[in-house]
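The values are calculated or read from the model by the stated rules, or taken from the named source; none is laboratory data. Computed from a predicted model, the values in this text were never measured in an experiment. Don't worry about glycine lacking a Cβ; one is built from the backbone with ideal geometry, like all the others, and counts go over all protein chains shown. Remember, those area values only see protein heavy atoms, side chains included, never the ligands or the DNA or RNA. Shrake-Rupley method; radii C 1.70, N 1.55, O 1.52, S 1.80 Å.
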Amino acid sequence: MKRNRWLIALSAMGLHLCIGSVYAWSVLTKPIMESMGFTLKETTWTFSLAILFLGLSAGFLGSFVQKIGPRKSGLLSMTCFVTAMFGTAAALYAHSLPMLYAFYGVIGGIGLGTGYITPVSTLVKWFPENRGFATGLAIMGFGFASLIAGPAMQLLVQHFGLVANFIILGCVYMVIMTASSLYLASPAAGDVPAKAEKEGTVEYADAQPQFTVRQAMKTWQFYAIWWLFFTNITCGIALLSVASPMAQDVVGMSPLAAASMVGLIGLMNGAGRIAWATVSDYLGRSATYVFFFLIEILAFWQLARVTSAFSFQVLVLLIISCYGGGFSCMPAYLSDLFGTKYLSAIHGRILTAWGAAGVAGPLVLSLIKENTNSYAVTLYFFVGAFVAALALMIFLKYRTRRGIARVAEARG
């Protein structure tokens, strides 16, 4: 069956809109604590586990996902994620914290990891002329998901209860993810318009050879990119974890105003993914990351000194746009450097940085905040981290043309 690449893009977004609901977990935190008697730490650890296993499963199952293809890997993601929804309902019914960790944290995290990398690498092949835009389309769904899932969860819990919320969501996700997965496929000969194939370019012409995972992991560029990705996520996810209480403590915003800002964060997270990814098609991926780090250095520096609620929100939203953009530009950047043939597996290895950052970000922030009783010290720490990241990014940009070419000649 001949497939339409725009419907492929819609299917990719369908998968990400479902699994991206993990970002709405905070909506359920308080209801779970009140109903189950769990502490805040016990409840939020569920989210940390899900992000950790997202990174681990993407890293260790990337080659497997590449092998079985987008349709089967999408169905695998659906099976794990839907099982997690139903299992979470059972865990809450039984008031069992270990079951909650096992289903939502571990099984759900595996569903997140396999579902995240599946459509991204597929879309890059369908849109060779606009790789950034293509990956931005898919990953935008992940960022926007909380805008839909958050209010939906709130209404479902209010009218039907916690257990029914997960059962209903599980049924909805099963339908959407199954339909999306069944339409996903890699392009066959003639599927991509000839004009698109002709216009398709990479930032570094020397990177045309198709690197395997093992070959990519022998390059220093791979580890430099891993660290840059880890830095961007660590600082961004730390800010996400305290955006509401920080707004109330630092600039005196009301709880309602802070909650509204969190909604805007979800919007900017999604919008930043498609906007920055599209920009990267014109500026180049490495130049876009240089802009990310410059913006974040200035924004975090000013955030540590800000006293106005309006300025606070502008700075936070600017940082979050770069945070989201870092996700959407990464697959296209990797395809520029290492090719598209083994992109799922290579992208999966890089995503282990997400799993590590999901634990490191909130942990670093809480440790510094508890010992200094100040958000400002944490923000200055992040400024230092981004200064180091910017220096590494500039070095990477300068050296990559020759470095990848030499590795390509010597690989094998």
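Would region 346-398 count as rounded, prolate or oblate if I go by the C-alpha gyration tensor, calling it rounded below 1.5 in a/c and otherwise prolate when a/b exceeds b/c, oblate otherwise?
Here region 346-398 falls in the oblate category.
Using a 10 angstrom cutoff on alpha carbons, build the Gaussian network for the chain and name the most mobile of L182, L40, L264.
L40
Give me the percent of the accessible area of region 235-314 that comes from carbon and sulfur atoms, probe 1.4 Å, all protein chains in place.
70
Can you tell me the dipole magnitude for the chain around its Cα centre, using point charges on the Cβ only (Lys, Arg +1; Asp, Glu -1), in Debye to the nearest 20?
Using Cβ point charges on Lys, Arg, Asp and Glu, the chain gives about 1080 debye.
Give me Rg/Rg_expected for the chain, where Rg uses Cα atoms only and Rg_expected = 2.2 N^0.38 Å with N residues.
For the chain, the normalised Cα radius of gyration comes out at 0.95.
By how many nm would the segment from A259 to S311 grow when fully extended, if each residue of separation counts as 0.36 nm and the alpha-carbon distance is taken off?
On the way: separation 52, 0.36 × 52 = 18.72 nm, distance 1.65 nm.
Full extension from A259 to S311 adds 17.1 nm.
At 1.4 Å probe size, with the rest of the protein present, what percent of the exposed accessible area of region 93-176 is carbon and sulfur atoms?
On region 93-176, the fraction of accessible area on carbon and sulfur atoms equals 76 percent.
How compact is region 90-167 by the rule of thumb for globular proteins, expressed as Cα Rg over 2.2 N^0.38 Å?
With N residues counted in region 90-167, Rg over 2.2 N^0.38 Å equals 1.45.
Give the accessible surface of the chain per residue, rounded to a whole number of Å², with probe radius 1.4 Å and ligands, DNA and RNA excluded.
Accessible area per residue, the chain: 40 Å².
May I ask you to compute the full-extension gain from A287 to E370, defined as 0.36 nm times their residue separation minus their alpha-carbon distance, rounded to one decimal in nm?
Difference between extended and current length: 26.2 nm.
What nm distance separates the two modelled labels at I168 and L7, each placed 7 Å from Cα along Cα→Cβ?
3.1
Using the alpha-carbon centroid of each, what span in Å lies between region 75-98 and region 300-362?
28
With a 10 Å radius around each residue's Cβ, average the other Cβ atoms per peptide and rank 99-110, 214-225, highest first.
Final packing ranking: 99-110, 214-225.
Picking from L156, M393, L15, whose Cα lies most toward the positive end of the charge dipole for the chain (charges on Cβ: Lys, Arg +1; Asp, Glu -1)?
My answer, from the dipole projection, is M393.
Across the Cα atoms of region 6-142, what radius of gyration and what greatest pairwise Cα-Cα distance (Dmax) are found, in Å?
15.8, 53
Can you grab the distance from the C-alpha centre of region 5-60 to the C-alpha centre of region 365-383, Å, no decimals?
So the two Cα centres are separated by 26 Å.
Can you work out the Karplus-derived ³J(HN,Hα) for every residue in region 386-393? Use 6.51 cos²θ - 1.76 cosθ + 1.60 with θ = phi - 60°, whole Hz, and x for glycine or proline.
Per-residue couplings from phi come out as 6, 4, 5, 5, 5, 4, 5, 5 Hz.
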